[in-house]
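Visitor: Got a structure for you, questions after.
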Amino acid sequence: MTDATRSKQSQRVEHRVNFIDGNALDIPILKILQADGTTYDGAVEPIIDKTLALKIYDTCVFTRVLDDRMLGAQRQGRISFYMTCTGEEASVIGSAAALDDGDVILAQYREHAALRYRGFTTEQFMNQMFSNELDLGKGRQMPIHYGCNALNYQTISSPLATQIPQATGVGYALKMQGKRNLAICYFGEGAASEGDFHAGLNMAAVSGAPVIFFCRNNGYAISTPTEEQYAGDGIASRGVGYGMHTIRIDGNDMLAVLAATQQARAYAIEHHAPVLIEAMTYRLGAHSSSDDPSGYRSREEEGQWREHDPVQRFKLWLVNKGWLTEAEDTQLYQDYREEILAQVKVAEKIPAPALEQLIEDVLDTPTPALKQQLAQLKQHISQYPKSYPKLSGRG
Amino acid sequence: MAKMNMLQAINDALRIAMQADPNMLVFGEDVGHFGGVFRATSGLQETFGRERCFNTPLTEQGIAGFANGLASAGMTPVAEIQFADYIFPAFDQIVNESAKFRYRSGNEFNVGGLTFRTPYGGGIAGGHYHSQSPEAYFTGTPGLKVVVPRNPEQAKGLLLAAIRDPNPVIFFEPKKLYRASVGEVPEGDYQTPLSRAEIVKSGEHITVLAWGAQVDVLMDAAKMAEKEGISCEVIDLRTLAPWDVETVAESVRKTGRLLINHEAPLTGGFAGEVAATIQQECFLYLESPISRVCGLDTPYPLCHEKEYMPDALKTFEAIKASINY
Ligand SMILES: Cc1ncc(C[n+]2csc(CCOP(=O)(O)OP(=O)(O)O)c2C)c(N)n1
């Protein structure tokens with residue numbers, strides 16, 4: 001255990017009853033980039049050069065186009081389900097860009113932009129969404145539940161917050177293995193209400209695990225607004241309560257996210273300690289393709305947040321710097337639209353995984369009972385091939 | 001009588017129970033103004049106010065523990081767990097606390113007023129995490145009642161009975177049928193008794209048993225069997241814990257055969273319990289081994305959902321195998 005994590009208690013003594021107000025914490029918010037693409041006076045920019053900046057922007061555009069196209073594909077019935085990152089690109093990409101490739105990402109589900117930043121190809125995205133035989137996850141989970149060992153991105157699990165204490169374990173493992181790497185764990189402010197959040201943060205603080213807990217505070221958990229999710233000063237105050245380095249940032253400000261995560265990373269690795277980042281942002285889209293936000297929030301509210309579009313703000317900064325032109329920007333969108341459309345058409349024609357894969361990976365090897373169940377199933381399907389069209393004509 | 005789908009029937013039951021019982025509270029993730037992700041609680045906040053119908057923070061453990069506390073203090077909490085797949089964070093509060101409050105305290109305290117409602121089951125392209133049927137984890141826990149309706153009329157009557165039962169009840173709702181199952185539902189207040197199975201269709205040659213959404217599967221299989229001259233007696237168990245052994249045993253004594261169908265994996269599923277008990281009760285009447293048509297021993301899959309499901313064709317084949325044994 002390190003000094004940074006050793007427990008301590010204030011020695012201040014009082015002789016009158018004096019409660020500390022639950023709202024007494026007044027955590028500031030870091031802002032670097034203004035709406036017009038210039039930075040605030042006195043703001044300290046992150047470490048960023050043209051190559052990094054353009055890679056970040058490229059990921060933003062890819063993510064926007066992917067979200068737009070795949071939501072369309074869902075409406076056409078080509079995929080069963082979709083969730084967007086729209087509005088939260090700066091939080092996800094800005095933080096991912098501050099990491100080393102050896103840092104392990106444990107995401108909630110709305111962070112495919114971080115996976116893209118790591119190098120997940122358009123084809124790989126499509127294979128997962130269409131549950132075809134090339135999907136790394138073997139077609140077992142709904143669209144958007146990506147995972148890729150080669151890119152240190154653990155596979156998404158739907159039960160919320162389960163990744164939080166797991167991230168603590170991963171961070172501790174990296175420390176034990178002597179690596180100068182950490183785990184980064186993404187979650188929403190809704191998931192921060194789960195017991196697993198409290199367990200994970202406390203374990204990390206006490207064990208000195210290098211982990212960045214990255215909360216995307218995007219205003220809603222499905223229909224539930226933050227006022228009905230928690231009282232007190234946001235999620236950041238919880239980090240303080242667990243004795244952890246904590247910061248709140250403007251989650252729609254690419255430079256603020258990048259700067260905070262770069263420094264969080266340096267601190268966590270240096271001190272073997274966790275850091276909590278609360279990024280204040282807004283879920284511009286619906287919760288998922290099954291949700292209709294008009295039942296719980298107004299168009300005006302959404303419109304106001306559109307003015308804080310993180311991608312637009314970062315683009316203006318790039319244009320101001322002379323690193324991007326309008327023509328290049330238009331071309332980038334155009335190219336991704338074409339690429340994604342083309343890849344959709346390829347992926348949806350690739351067949352489903354073979355039936356044998358259904359019984360793989362339950363344990364390291366299929367049990368005798370499972371082998372028997374598979375044999376029965378195959379026999380049954382061969383008897384009624386028309387009733388199981390997905391697999392007819394295949395082994 | 002009114003035509004309703006299952007969601008409307010559930011909503012109607014909640015409304016009637018809240019009107020009758022001022023101590024009743026309805027809460028869970030998104031159940032407030034929004035009416036729940038499936039809209040089972042629509043309009044309840046408007047009618048009964050935010051104090052009696054509200055959103056909770058996103059914590060199933062918190063919801064269940066809070067519900068236990070309320071019930072132990074004399075309230076009637078009806079808590080929604082958004083998907084049965086997400087009941088596991090609440091597992092400790094349910095199996096160690098709800099189930100044992102009365103027993104461990106010598107009935108100094110109990111949580112009899114408590115009901116958990118939760119959508120379960122597959123057939124909706126949800127993959128695992130939106131498709132599980134976790135009933136057997138709870139039927140194995142003494143102190144809980146486990147109820148599963150199959151249509152709107154039952155959903156209303158059983159839910160009203162569950163809410164008023166002096167024991168904690170887990171009410172599993174087949175989400176596949178929420179909108180798909182539509183039928184005539186009595187308008188007023190009525191209760192369908194718990195722990196009583198229903199003979200949905202009488203028959204001669206084999207008893208086929210299921211609950212919830214799988215009863216429709218049995219009916220389809222029975223129709224196929226009919227064409228081959230096999231007459232099936234179809235039973236809907238309705239309450240899994242404690243279950244109606246007598247009705248099932250009586251049927252099996254008549255038909256000499258039993259098939260049990262459920263969506264959850266075969267191994268450790270509730271069908272095993274039914275089979276063991278009926279074998280004990282009806283050994284000398286059985287003309288073939290009791291058969292089980294269930295989910296495979298894998299987590300619930302996405303792309304092979306159709307293949308995974310214990311569907312009507314598989315049931316039909318098992319019926320024939322039992323008859324020709
Ligand atoms: C344990 C658990 N309970 C409930 C759900 C259903 N669910 C999926 S997403 C969601 C809301 C999550 O909100 P938040 O964490 O704020 O993330 P956001 O969707 O806003 O990005 C809920 C309730 C779940 N997936 N897991």
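Visitor: What does the convex hull of the Cα atoms of segment B:264-325 come to per residue, in Å³, rounded to a whole number? Could the numbers behind the result be given before it?
Guide: Working: hull volume 4.7 nm³, N = 62.
Convex hull of Cα atoms, per residue: 76 Å³.
Visitor: Compactness ratio of segment A:63-162: Cα Rg over 2.2 N^0.38 Å, N = residue count? Please list the in-between numbers first.
Guide: Values: Rg = 12.8 Å, N = 100, 2.2 N^0.38 = 12.7 Å.
Here the Cα radius of gyration is 1.01 times the empirical estimate.
Visitor: Quick one: Debye curve from the alpha-carbon atoms of segment B:109-157 only, equal weights, vacuum; give me log10 I(q)/I(0) at q = 0.13 Å⁻¹ to two decimals.
Guide: The calculated log intensity ratios at q = 0.13 Å⁻¹ are -0.42.
Visitor: Testing the spin-label approximation: label points 7 Å from Cα along Cα→Cβ at A:Ile350 and A:Ala327. State their distance in nm.
Guide: Spacing of the two 7 Å Cα→Cβ label points: 3.6 nm.
Visitor: If you average over every viewing direction, what projected area does the convex hull of the Cα atoms of the protein assembly as shown give, in nm²?
Guide: The directionally averaged projection comes out at 35.5 nm².
Visitor: Over the Cα atoms of segment B:129-242, how large are the radius of gyration and the largest Cα-Cα distance (Dmax), in Å?
Guide: 14.9, 46
Visitor: Kindly rank A:248-256, B:174-182 from highest to lowest mean number of other beta carbons found within 10 Å of each residue. Before the final figure, lay out each step's value.
Guide: Numbers: A:248-256: 28.2, B:174-182: 20.6.
In descending order of packing, they fall as A:248-256, B:174-182.
Visitor: Go ahead and set up a Gaussian network model of chain B, Cα springs under 10 Å, then flag whichever of B:Val37, B:Val169, B:Val208 fluctuates most.
Guide: Maximum among the listed residues: B:Val37.
Visitor: Using all Cα-Cα distances in segment A:1-135, what percent lands in each 5 angstrom bin from 0 up to the longest?
Guide: Result returned by the calculation: 2, 7, 12, 15, 14, 11, 10, 8, 8, 6, 3, 2, 1, 0, 0.
Visitor: Please list, by residue number, everything in segment B:189-208 whose backbone N is under 19 Å from a paramagnetic label point 7 Å out along Cα→Cβ of B:Glu250.
Guide: B:192-208
Visitor: How many Å³ per residue does the convex hull of the Cα positions in segment B:45-86 occupy?
Guide: Per-residue hull volume (Cα only) is 82 Å³.
Visitor: Something else about it: Normalised by the empirical 2.2 N^0.38 Å for globular proteins, what value does the Cα Rg of segment B:11-139 take?
Guide: Expressed relative to 2.2 N^0.38 Å, the Cα Rg reads 1.05.
Visitor: If you don't mind, another one. In vacuum, with every alpha carbon of segment A:247-395 counted as one equal point scatterer, what does the Debye formula give for log10 I(q)/I(0) at q = 0.10, 0.11, 0.17 Å⁻¹? Two decimals, please.
Guide: Reported log10 I(q)/I(0), two decimals: -0.79, -0.87, -1.07.
Visitor: Same structure, new question: Once you have the alpha carbon radius of gyration of segment B:230-271, what is it after dividing by 2.2 N^0.38 Å, with N set to its residue count?
Guide: 1.23
Visitor: For chain A, what is the mean residue ellipticity at 222 nm derived from helices alone (per DSSP H run of n ≥ 4: -39500 (n - 2.57); sum divided by total residues; nearest 500 deg cm²/dmol)?
Guide: Helices in chain A give a 222 nm mean residue ellipticity of -12500 deg cm²/dmol.
Visitor: Using 10 Å bins from zero, what percent of all Cα-Cα pairs in segment A:243-298 falls into each bin?
Guide: 21, 35, 24, 17, 4
Visitor: Give me the percent of DSSP beta bridges within the protein assembly as shown that run antiparallel, rounded to the nearest 5.
Guide: Working: 13 of 69 bridges.
Looking only at bridges with both residues in the protein assembly as shown, the antiparallel portion is about 20 percent.
Visitor: Given q = 0.13 Å⁻¹, what are the Debye log10 I(q)/I(0) values for segment B:199-325, with equal point scatterers placed on the Cα positions and solvent ignored?
Guide: -0.46
Visitor: Starting from the coordinates of the alpha-carbon atoms of segment B:247-295, obtain the Kirkwood hydrodynamic radius over all distinct pairs and give the value in Å to one decimal.
Guide: By the Kirkwood definition, the hydrodynamic radius is 10.8 Å.
Visitor: From the phi of every residue in segment A:85-95, what ³J(HN,Hα) in whole Hz does the Karplus formula 6.51 cos²θ - 1.76 cosθ + 1.60 yield, where θ is phi - 60° and glycine or proline is x?
Guide: With the stated coefficients, segment A:85-95 comes to 9, 4, x, 10, 4, 5, 4, 6, 6, x, 6 Hz.
Visitor: Given a 1.4 Å probe and every protein chain left where it sits, what share in percent of the accessible area of segment B:1-128 is carbon and sulfur?
Guide: Solvent-exposed carbon and sulfur of segment B:1-128 make up 53 percent of the total.
Visitor: Hey, another quick one. Name the shape class, rounded, prolate or oblate, that the alpha-carbon gyration tensor gives for segment A:287-359, where a ≥ b ≥ c are the square roots of its eigenvalues, rounded holds for a/c under 1.5, and otherwise prolate holds if a/b is larger than b/c and oblate otherwise.
Guide: oblate
Visitor: Starting from the Cα gyration tensor of segment A:70-109, multiply each eigenvalue by 5, take the square root, and state the resulting semi-axes largest first in whole Å.
Guide: 27, 12, 7
Visitor: Calculate the radius of gyration of the Cα atoms of segment A:192-250 to one decimal place, then report Dmax, the largest Cα-Cα distance, as a whole number, both in Å.
Guide: For segment A:192-250, the Cα radius of gyration and maximum Cα-Cα distance read 11.9, 36 Å.
Visitor: In whole percent, how big is the carbon plus sulfur part of the accessible area of segment A:185-330, probe 1.4 Å, protein atoms only?
Guide: Its accessible area is 51 percent carbon and sulfur atoms.
Visitor: If you don't mind, another one. With an 8 Å cut-off on Cα pairs and a minimum separation of 6 or more residues, tell me the relative contact order of segment A:306-395 in percent.
Guide: Relative contact order comes out at 18 percent.
Visitor: With all distinct Cα pairs included, what does the Kirkwood hydrodynamic radius of segment B:64-182 come out to in Å, to one decimal, could you say? Mind dumping the intermediate values first?
Guide: Numbers: mean 1/r = 0.0692 Å⁻¹.
For segment B:64-182, inverting the mean 1/r across all distinct Cα pairs yields 14.4 Å.
Visitor: Evaluate Rg over Rh across segment A:120-190, taking Cα atoms for both radii and Kirkwood's formula for Rh.
Guide: For segment A:120-190, the value is 1.03.
Visitor: Let me ask something else about it. Roll a 1.4 Å probe over the protein chains and send me the accessible area per residue for chain A in Å².
Guide: Heavy-atom accessible area per residue stands at 45 Å².
Visitor: Suppose every Lys and Arg Cβ carries +1 and every Asp and Glu Cβ carries -1, with no other charges. What dipole size does chain A come out with about its Cα centre, to the nearest 20 debye? Mind dumping the intermediate values first?
Guide: Numbers: 38 positive and 48 negative charges, 240 e Å.
Taking the Cα centre of chain A as origin, the dipole is about 1160 debye.
Visitor: A further question follows. Just want to confirm a number: the relative contact order over segment B:208-264, from Cα pairs under 8 angstrom separated by 6+ residues, in percent.
Guide: This gives 48 percent for segment B:208-264.
Visitor: Would you tell me the mean number of C-beta atoms belonging to other protein chains that fall within 10 Å of each C-beta in A:194-207, as a whole number?
Guide: For this peptide, the per-residue mean of nearby foreign Cβ atoms is 2.
Visitor: What is the interface area between chains A and B, defined as buried accessible area summed over both chains with a 1.4 Å probe, reported in Å² to the nearest 100?
Guide: Buried: approximately 3400 Å² between B and A.
Visitor: A follow-up question, please. For chain B, what ratio Rg/Rh do Cα atoms give with a Kirkwood hydrodynamic radius?
Guide: 0.97
Visitor: For the charge dipole of the protein assembly as shown, defined by +1 on Lys and Arg C-beta atoms and -1 on Asp and Glu C-beta atoms about the Cα centroid, which residue among B:Pro152, B:Tyr308, A:Gly22 has the Cα displaced farthest towards the positive pole?
Guide: B:Tyr308
Visitor: Follow-up. So what's the net charge close to B:Phe34: Lys and Arg +1, Asp and Glu -1, counting the other residues with Cβ under 11 Å from its Cβ?
Guide: -3
Visitor: Once you keep just the Cα pairs under 8 angstrom separated by 6 or more residues, what percentage relative contact order results for segment B:221-309?
Guide: With pairs under 8 Å counted, the relative contact order is 27 percent.
Visitor: Something else: Contour minus end-to-end for A:Leu341 and A:Thr38, with contour as 0.36 nm per residue of separation and end-to-end as the Cα-Cα distance?
Guide: 105.6 nm
Visitor: Let me ask you something else. Assigning unit charges at the beta carbon (Lys, Arg +1; Asp, Glu -1) and nothing else, what dipole magnitude in debye, to the nearest 20, does the protein assembly as shown show about its Cα centre?
Guide: 920 debye
Visitor: So between A:Ser290 and A:Gln177, what do we pick up on full extension, going 0.36 nm a residue minus the alpha carbon distance?
Guide: Difference between extended and current length: 36.4 nm.
Visitor: What does the convex hull of the alpha-carbon atoms of chain A project to on average, in nm²?
Guide: The directionally averaged projection comes out at 24.2 nm².
Visitor: Next question. Under the Karplus relation 6.51 cos²θ - 1.76 cosθ + 1.60, θ = phi - 60°, what is the ordered set of whole-Hz ³J(HN,Hα) values for segment B:236-251, x standing for Gly and Pro?
Guide: 9, 5, 6, 10, 8, 9, x, 9, 8, 4, 4, 4, 5, 4, 4, 5
Visitor: In bins 10 Å wide, starting from 0, what share of all Cα pairs of segment B:1-76 does each bin hold, as a percent?
Guide: 20, 49, 27, 3
Visitor: Quantify, in whole percent, the carbon and sulfur part of the accessible surface of segment B:139-220 (1.4 Å probe; protein heavy atoms only).
Guide: In segment B:139-220, the share of accessible area belonging to carbon and sulfur is 48 percent.
Visitor: As I understand it, the dipole of the protein assembly as shown uses +1 on the Cβ of Lys and Arg and -1 on the Cβ of Asp and Glu, about the Cα centre. Which of A:Thr224, A:Gly42, A:Thr84 lies farthest toward its positive end?
Guide: A:Thr84
The values are calculated or read from the model by the stated rules, or taken from the named source; none is laboratory data. Please read these numbers as outputs of a predicted model, since none were measured by experiment. Reconstructed Cβ throughout: ideal geometry from the backbone, glycine too, with neighbour counts over all protein chains shown. Just so you know, the surface numbers come from the protein's heavy atoms only, side chains and all, with ligands and any DNA or RNA stripped out. Shrake-Rupley method; radii C 1.70, N 1.55, O 1.52, S 1.80 Å.
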